[in-house]
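J.: First the structure, then my questions, so here it is.
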Amino acid sequence: MLIIMANMMNVAKNSAIPSWQQELQSAFTDVNELLAFLELKTDRLDDYYNAAQDFPLLVTLSYAERIKKADWNDPLLRQVLPHPDELTSHPQYLSDPVGDANASVSPGLIHKYHGRVLLITTGACAIHCRYCFRREFPYSNNSAHPSKIDSIKEYLSKNPDVNEVILSGGDPLTLNDTKLSRLFEFLSSNTQIERIRIHTRLPIVLPSRITDQLLNTLASVNQKVIMVIHANHPNELNTDVYEALASLKDINVTLLNQTVLLKGVNDHADTLIKLSNRLFECHTLPYYLHLLDKVNGALHFDSTLQHAKKVYALVQTKLPGYLVPKLVHEEAGEPNKTLLQLNL
């Protein structure tokens with residue numbers, strides 16, 4: 001706890017209002033510090049540290065403040081705390097469950113689906129979600145560094161059917177404003193590209209990232225900008241998140257949300273209904289409800305397909321159609337997301 005206070009004091013010395021970079025530098029990276037902050041005790045601390053060996057803890061203070069104190073079952077905590085169950089292996093859970101490697105056409109450039117390509121802009125995130133399907137992705141030699149721009153240009157010119165670029169990672173909004181501006185200048189100057197889509201969790205976990213400078217950058221882009229955020233539980237959507245999303249809506253960014261169905265987090269109809277309603281209050285349309293990608297270490301988050309369909313059927317009965325996300329699953333090698341039919 002003393003370390004956390006010291007970090008926050010250092011931030012205060014640097015600026016009266018901490019910048020998003022300073023907040024990110026002060027994020028929790030130590031299991032014991034996070035547990036102390038949340039007033040949690042365990043005699044299995046070594047097991048939690050072991051679970052963090054290959055995929056370290058990372059969670060912003062902003063997000064941690066939304067976690068209920070002294071509650072091991074808090075749905076937000078379960079998403080970010082390394083857990084001993086992650087050490088359980090299973091032959092059906094893989095390092096690359098969605099087939100990124102086979103769809104890579106050059107370093108940092110993935111082409112799975114017709115008409116759109118995905119850029120791995122960075123390996124950095126503001127939070128390490130324990131179910132992340134790219135937790136073992138080889139970012140060091142497979143990211144779209146500035147040195148790769150010429151090869152990306154060449155690939156796009158040879159594939160004129162591509163009219164949408166998806167920025168992913170990691171999280172593209174962890175790039176500093178200078179790097180992000182250069183990236184958008186490159187994309188904005190390409191008349192082949194009609195839409196730029198940003199997949200990001202930062203408006204949820206670090207809403208201070210939505211700065212005036214970022215808004216100005218996005219507003220200057222020639223193409224239509226779509227931002228796909230990632231919220232799994234209504235408790236994630238506090239006032240700061242609302243204000244960040246409202247500012248994006250004000251510059252005509254289209255806001256969509258993807259949710260992953262997670263056992264013990266949101267695998268109940270009431271939770272998903274509340275999430276959809278809260279997202280709409282935050283100017284964001286529910287887009288996809290994903291079944292869990294079967295990545296190593298995430299077995300304990302998985303629900304059965306039958307349970308997922310039952311939950312989804314209940315959601316459909318309680319929400320208007322525009323607030324019901326599509327229930328989907330990604331299968332490696334398939335030309336599109338697989339839309340799941342109920343057939344209960």
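The values are calculated or read from the model by the stated rules, or taken from the named source; none is laboratory data. Not measured: the values here are computed from a predicted model. Note: ideal-geometry Cβ built from the backbone for every residue, glycine included; neighbour counts use all protein chains shown.
Residues are listed down the side, and each one gets a yes or a no for (1) in contact (Cβ under 8 Å) with a residue 60 or more places away in the chain; (2) surrounded by fewer than 21 Cβ atoms within 10 Å (Cβ to Cβ); (3) touching a strand residue (DSSP E or B) at 6+ places or on another chain (Cβ under 8 Å); (4) among the aromatic types (Phe, Trp, Tyr):
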| position | (1), (2), (3), (4) |
| --- | --- |
| 163 | no, yes, yes, no |
| 179 | no, yes, no, no |
| 183 | yes, no, yes, no |
| 196 | no, no, yes, no |
| 199 | no, no, yes, no |
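J.: Let me ask you something else. Assess whether residue 317 counts as being assigned to a helix (DSSP H, G or I), under 23 Å from residue 132 (Cβ atoms) and polar (S, T, N, Q). Break it down into steps so the answer makes sense when it comes.
T.: Working: assigned to a helix (DSSP H, G or I): yes; under 23 Å from residue 132 (Cβ atoms): no; polar (S, T, N, Q): yes.
Here the answer is no, as residue 317 does not meet what is asked.
J.: Of all residues in the stretch 72-102 being surrounded by 17 or more Cβ atoms within 10 Å (Cβ to Cβ) and hydrophobic (A, V, I, L, M, F, W, C), which is nearest to residue 136 (Cα to Cα)?
T.: 98
J.: Looking at (1) out of contact with any Asp or Glu (no Cβ under 6 Å at 6 or more places or on another chain); (2) in a helix (DSSP H, G or I), can you tell me which one residue 226 breaks?
T.: (2)
J.: Any residue at all in the stretch 201-222 that is over 21 Å from residue 130 (Cα atoms), touching a Lys or Arg at 6+ places or on another chain (Cβ under 8 Å), assigned by TED's automatic domain parsing to the domain that holds residue 133 and crowded, with 16+ Cβ neighbours inside 10 Å? First the steps, then the outcome.
T.: Taking the stretch 201-222 as the starting set, the residues that turn out to be over 21 Å from residue 130 (Cα atoms) are 208-222.
From what's left, touching a Lys or Arg at 6+ places or on another chain (Cβ under 8 Å): none.
Within the stretch 201-222 (the criterion being over 21 Å from residue 130 (Cα atoms), touching a Lys or Arg at 6+ places or on another chain (Cβ under 8 Å), assigned by TED's automatic domain parsing to the domain that holds residue 133 and crowded, with 16+ Cβ neighbours inside 10 Å), the answer is no, since none of the residues qualifies.
J.: Looking at 51, 27, which is the one that is modelled with pLDDT of 95 or more, in contact with a Gly (Cβ under 9 Å, 6 or more places away or on another chain) and either assigned by TED's automatic domain parsing to the domain that holds residue 202 or within 16 Å of residue 82 (Cβ to Cβ) (or both)?
T.: Only one candidate qualifies: 51.
J.: From the list 89, 62, which one is closer than 21 Å to residue 134 by Cα, among the small types (Gly, Ala, Ser) and in contact (Cβ under 8 Å) with a residue 40 or more places away in the chain?
T.: One residue alone meets the criteria, 89.
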